[in-house]
Structure formats: C-alpha cells, structure tokens
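Input: a single structure, listed below in structure tokens.
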Amino acid sequence: MPLEKEDKRIRVSQPLTRGPSAFIPEKEVAQANTADERTNFLVEEYSTSGRLDNITQVMSLHTQYLESFLRSQFYMLRMDGPLPLPHRHYIAIMAAARHQCSYLINMHVDEFLKTGGIAEWLNGLKYVPQRLKNLNEINKLLAHRPWLITKEHIQKLVKTGENNWSLPELVHAVVLLTHYHALASFVFGSGINPERDPEISNGFRLISVNNFCVCDVANDNNIENASLTGNNFGIVGSLSELEALMERMKRLQEEREDGDTSQEEMTTRFEKETKESLFVVSGDTFHSFPHSDFEDDMIITSDVSRYIEDPGFGYEDFARRGEEHLPTFRAQVSVVITHRYDDYDYGEVNQLLERSLKVYIKTVTCYPERTTKRMYDSYWRQFKHSEKVHVNLLLMEARMQAELLYALRAITRHLT
C-alpha cells in the first residue's frame, strides 16, 4: 500500500535555535551571505533550483567550494548516467540512513517522488527490487569499515544474473553512497537544522533520531546562551590557546628548516599517530565530555531503520591496541597524490591538534550522528565559524576520498 503524503516525512518539534545551523548563530550566516559574490551566487542557485536548503546556506560561507559541490552533485543526481533518476535518490536515502541522517533522508524522499519514484518503496527495503537490496552490504561497509571491502563483494554484485549490476552502474552507485555518507558528516558536524516546511503546521519536518542530533541543542541546555566565563569556554583561555598553537607552528617550521627527517622516522611517526588514534573516543578518555554524550545504545526510529539492514553494524577501529604493524592503506598506488601522503610528517599531528579537536574529528568522520554542539564549541574557541565550517569541508572530502580509495581498490582487483 503506498504511503499517504503525510507519512513520507519524519517530523520533529521546533528546535531551540533558528536559522540553518544549531551550532552557528543565524546572524553570522546571514551577514556572510550579504557579500556581493555570495549574494549573486545564492540568487543564481535559488533561481535554478527554486530553493536554498540549509546545507547550501552554511556551505556558502565558502562560495568557491559550494559552486564545485553543487556542480558535482548535479552531475551525480541529474545528468545522463547509467542509473535511473529515482534509483539515485533512493541510494542517497540508503546511504543517509546508515548514519540516521533524517535531514538527508527527507530531502531525497521528496526528490525520489518528484523524479517518478514508486511511493511504495518508501515503506522500506522489503518493497524495493532485489538489486537495490543487494547494495546493503557494500553500503554498510563503506559507511563504517571501508577497509573490509574486497573484490568478492564487487564480484557478487556484478555476477551474471537477473539482479546483477553492470560495472558502470555499480561505480555510479558507489560514488553516490560515498558522497552521502560524507555529506552526513557535514550535516551533523555543522549542526544543520531541519528545513521549514509550510505544509506542516509547526514548520519543521525532521526528527532527531538519537541523542546526538538536533535535540542535542536541548541536551546542551541552550549552550549558546550559557556563560562563557568557565574553564571550558573562557575568553582568556581561548586567547592563550591560539597563542600556544601559533608557537607550536613556529617551532615546527624551525625544525623543518634545521634538517630533513628520514623516511624511516616518518613511517614510525605515522604508525605512532595511527595507534594513538585508537585511544580517541574510547573508554574513559572522554574526560572532557559527559559520558551521556557517548552512549552506545542509539535510538533508531522505524522511519530510518526501514531503509537499512543490520542497524547495529558500526565503526570499529581497523587495528587492535598493541598491534605492531597496522593494516593502513596509505594510497600506495600509481596516482599523483602518492608523494603527498608519503612525505607528510605525521608527528606534527600530535603537536598541532588539541585533544578536543581530535575527538571532534573522529566523531564527525566515524560516527557523525554522535556529534554535539558541546564538541563543536570545545575546539578552536578563538576561531571564526567559517573556519570551523572549513574544517568540516575538509573532513567531508577526506572521508569521501578514503571510502572511494577502498572501493576502487576492490574494483581494480576484480578487474585484474
């Protein structure tokens, strides 16, 4: 039975903050968008698409990036390609559901229906063609543990049969999955608010599916209005934090000028940093944040779970503690970025990144649905919101690149 119109969207009561982001003051986004370049671009985007969603408004703090982002997304979703348009939006829904990102789910439910999608599919995966269901395994691996993807996963999808995928179709699907996994990181990392919808009485149509989404604003007791004089948010502390960072950067620059570091030492530093990342976001290391922010039991509504299988499957560190040789994939392939990876001194990570930033980075990239405003506020307290949005863009791109590299490695091995 097809869904009634009012059942196609996930609803939520009005959030405590207005504007496109629960993390960034509305006036800062508005002021940034009054610059001529940004205003002209946003007017053009509105005239083309008929709407300015909250992602676009926040991302417009970096107009040059936004232009490339929208162009790429347009090619993925609307230009000629191997996948039918409704399938593209349904794959986007499946990808967003892995991180319980109801914001993106609702956006693509609308687009799915507008492009001629069958409304019954929105009842859940059991109503979709088997070939779409077959994407579940690669969807969950890409989202949470992409290093586990093998050529066997690719072969299973492209093998001859009624429900097989052609290689071009599969590549298109993989690009969509990785794009929307990464975009979910941006949505949660930037505190993107639900869209206002005139068709719904309270004006909002997204639900917070766990304790780490929009309702986290309530969990933080409207932290935007809280006193900033305490140890965690003191102005003096922020200034000394910035000065300390500048001093560390200066010292590192002097060390670089003193002499070259051997490749062996660079490798040792890389492995050390990788091991230490295991201890970020684990056990009692969250001394800076209340334990309630990191509960393992996530509340997943039926509106989201209908689009995924194995909802308990999530991120796990790719190496065990105490393991000497880490199975990292350092882009040792014949591409132009090889030396950029190999020549970077990972020893600088520990010296430049404060612990609160490490926690934020790992949360946004590995389990974005757990991101809170407290985490966002806790790092780089003296920096502008546009600079923090820049961090989120870097995290989104890095995550997508990592997923694509693992997927393409499996596809390459299948072809050879």
Gyration tensor verdict on the stretch 116-161 (Cα atoms; rounded if a/c is under 1.5, prolate if a/b is larger than b/c, oblate otherwise)
oblate
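Tell me the net charge near residue 131. Cut-off is 11 Å between Cβ atoms, residue 131 excluded, with +1 for each Lys or Arg and -1 for each Asp or Glu.
Values: positive: 133; negative: 162, 169.
With Lys, Arg at +1 and Asp, Glu at -1, the net is -1.
Checking the a/c ratio against 1.5 first, then a/b against b/c, what shape does the Cα gyration tensor give for the stretch 94-203? Don't jump to the answer; show the numbers that get you there.
On the way: a/c = 2.75, a/b = 1.51, b/c = 1.81.
It comes out oblate by the Cα gyration axes.
State in Å² the accessible area per residue of the stretch 64-160; use a 1.4 Å probe, count heavy atoms of protein chains only, and round to the nearest integer.
40
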Given pairs 140/358; 362/384; 126/151; 133/156; 358/388 and cut-off 18 Å on Cα-Cα distance, the over-length ones are 140/358; 362/384; 126/151
Taking a crude spin-label model, label points 7 Å out from Cα along the C-beta direction, the residue 68 to residue 31 distance in nm is 2.8
Accessible area in the full protein assembly, largest first, 1.4 Å probe, for 153, 390:
390, 153
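The values are calculated or read from the model by the stated rules, or taken from the named source; none is laboratory data. The structure presented is a predicted model; accordingly, all values stated were derived computationally and were not measured. When we count neighbours, we look across all protein chains shown, and the Cβ atoms used for this are built from the backbone with ideal geometry, even at glycine. For accessibility, only protein heavy atoms count, side chains too; no ligands or nucleic acids. Shrake-Rupley method; radii C 1.70, N 1.55, O 1.52, S 1.80 Å.
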